[in-house]
Amino acid sequence: MVTFLAASLRRKWKYLVLPLWFGLCFIAVCLEAFHGNINNYIIFKHVFLHVKEQLPLYIAYPESYFDVNLYGPIFSLVIAPFSIFPDTVGAILWGMANALFLYAAIRQLPLTKTQQYLILLFSANELMGASSYFQFNTAIAACILLTYACIHKGKDVWAAFFVVLGTFTKLYGIVGLAFFFFSEHKLKFVVSVLLWSVLFFVLPMLLSSPAYIIGSYVEWFESLSHKHANNMQFEQGVLLQDISAGGFIRRVFHWPEMKNIYVFGPAVVLFLSQYIWLKYRRNRYYQLYILCTTLLFPVLFSSSSEACTYIIAFPAVCIWYVAAAPLQWRHILFGFIVVVCSFSHSDIFTPWVRHNIAVPYAIKAFPCLVLWLLIIYEVLTRHFLREPGIAVELGADRLPGED
């Protein structure tokens with residue numbers, strides 16, 4: 001099946017992948033927008049409006065929208081171009097812009113065209129789900145991917161830009177620092193991160209005032225701490241948060257008092273253990289494996305993870321699959337992850353399964369956790385030194401930039 005898809009994509013990729021990627025996104029955002037289900041976009045738009053008017057960013061405004069904003073002040077400038085349009089149009093443009101951003105990021109990866117299009121093809125359903133919520137997770141995934149891609153190409157200034165952009169908007173982007181050791185210009189990268197950080201800190205002040213922005217950052221961290229405490233209160237009915245490794249353990253084993261550090265601490269140790277093989281830091285497959293564990297990390301080990309957050313994690317599943325040796329057990333595992341992770345919240349499963357198993361037990365996190373542990377194992381056992389993946393074995397097109 002995969003061989004057939006890869007061979008077909010080599011000839012007619014644009015007739016399949018592009019309409020699927022952008023078409024599913026367009027359908028999702030239009031259906032929600034025309035039904036008025038654009039609450040998240042309204043929250044984002046008001047970040048810009050509130051910064052201009054110097055109103056508190058992290059309190060409820062029930063007269064305008066449900067929930068509260070949890071993005072940094074720099075997000076006001078990110079959303080600003082879309083806020084000039086009517087809400088329905090702005091929401092659609094916002095959703096499509098995020099899809100375009102992630103598409104461009106995947107196309108920059110040091111993979112063959114066939115591998116890139118397979119990633120897009122397999123991730124299209126997850127993109128559709130994420131787009132229907134109008135969240136910024138799609139762009140965060142793009143920021144992490146572009147951080148790695150830019151470092152791989154020696155463009156450390158731009159790599160630093162994407163790290164800072166992702167961090168100053170939703171914090172998740174900070175995991176892009178995991179690629180620091182792949183840089184050939186480490187001092188340049190560090191200086192660039194510092195300069196971009198200063199610029200991103202100051203820029204929102206042009207819309208408001210220094211005192212307001214500084215106060216907003218203090219309130220931002222307070223609101224994130226408060227949200228973390230609320231996310232784990234699933235027994236009180238908050239089921240759509242904490243779709244993470246910790247949430248899965250707490251719910252399956254009925255251990256609601258389990259602290260996140262019991263999972264997060266060992267996860268950090270395991271993640272850092274991958275760097276024992278830094279002597280292979282120029283090996284493309286070693287880098288790609290760490291890229292995969294990096295994408296999975298903020299989703300699996302954050303109590304703020306929701307179903308739509310998995311647009312950050314799922315490209316990692318696809319990168320591992322297309323870059324790894326095409327063994328039968330890998331096809332089976334990948335199929336299991338696609339079904340359980342990407343489709344567990346969809347209509348493929350009956351409402352009973354979704355409402356009584358998939359959502360209450362955070363099942364979406366389980367296959368990704370299994371894969372994360374497997375990739376860590378493969379890195380520690382130097383699996384990346386073995387034969388390349390599906391598209392290369394099929395004799396697919398050369399890597400971008402290779403002779």
In debye to the nearest 20, the charge dipole size for segment 75-216, taken about the Cα centre with +1 at each Lys and Arg Cβ and -1 at each Asp and Glu Cβ, equals 320
If exposed means GluC sites (Glu not before Pro) lying in a DSSP loop and surrounded by at most 14 other beta carbons within 10 Å, then the longest stretch of the chain lacking such sites spans residues 258-401
So the angle from the long Cα axis of helix 2-34 to the longest Cα principal axis of the chain, reported in degrees to the nearest 10, equals 10
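Magnitude of the Cβ-charge dipole of the chain, K/R +1 and D/E -1, about the Cα centre, nearest 20 debye?
Values: 27 positive and 21 negative charges, 257 e Å.
That gives the chain a dipole magnitude of about 1240 debye.
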Against the 2.2 N^0.38 Å rule of thumb, the C-alpha Rg of the chain sits at a ratio of 0.96
Binned at 5 Å from zero, the C-alpha pair distances of segment 123-162 give percents of 6, 25, 23, 16, 12, 14, 4, 0
In the chain, taking the dipole from +1 charges on Lys and Arg beta carbons and -1 charges on Asp and Glu beta carbons about the Cα centre, the listed residue (T112, Y172, C143) farthest towards the positive end is T112
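State the number of lysine pairs found in the chain whose Cα atoms come within less than 15 Å, restricting to pairs 8 or more positions apart or on distinct chains.
8
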In terms of the alpha carbon gyration tensor, root eigenvalues a ≥ b ≥ c, rounded if a/c is under 1.5 and otherwise prolate when a/b exceeds b/c or oblate, segment 251-371 is oblate
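How high is the relative contact order of segment 319-365, in percent, with contacts defined as C-alpha pairs under 8 Å that are six or more residues apart?
On the way: 20 pairs, mean separation 14.8, N = 47.
Computed over segment 319-365, the figure is 31 percent.
Roughly how many Å² is the accessible area per residue of segment 115-185, as a whole number, for a 1.4 Å probe? Mind showing how you got there, number by number?
On the way: 1820 Å² over 71 residues.
Spelled out: the 1.4 Å probe surface of segment 115-185, per residue, equals 26 Å².
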Using the Cα gyration tensor of segment 51-163, the equivalent ellipsoid's semi-axes, largest first and to the nearest Å, work out to 30, 18, 11
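The values are calculated or read from the model by the stated rules, or taken from the named source; none is laboratory data. Since this is a predicted model, take the numbers as computed values, not measurements. When we count neighbours, we look across all protein chains shown, and the Cβ atoms used for this are built from the backbone with ideal geometry, even at glycine. To get the accessible areas, we keep the full protein, side chains included, count just its heavy atoms, and leave off ligands, DNA and RNA. Shrake-Rupley method; radii C 1.70, N 1.55, O 1.52, S 1.80 Å.
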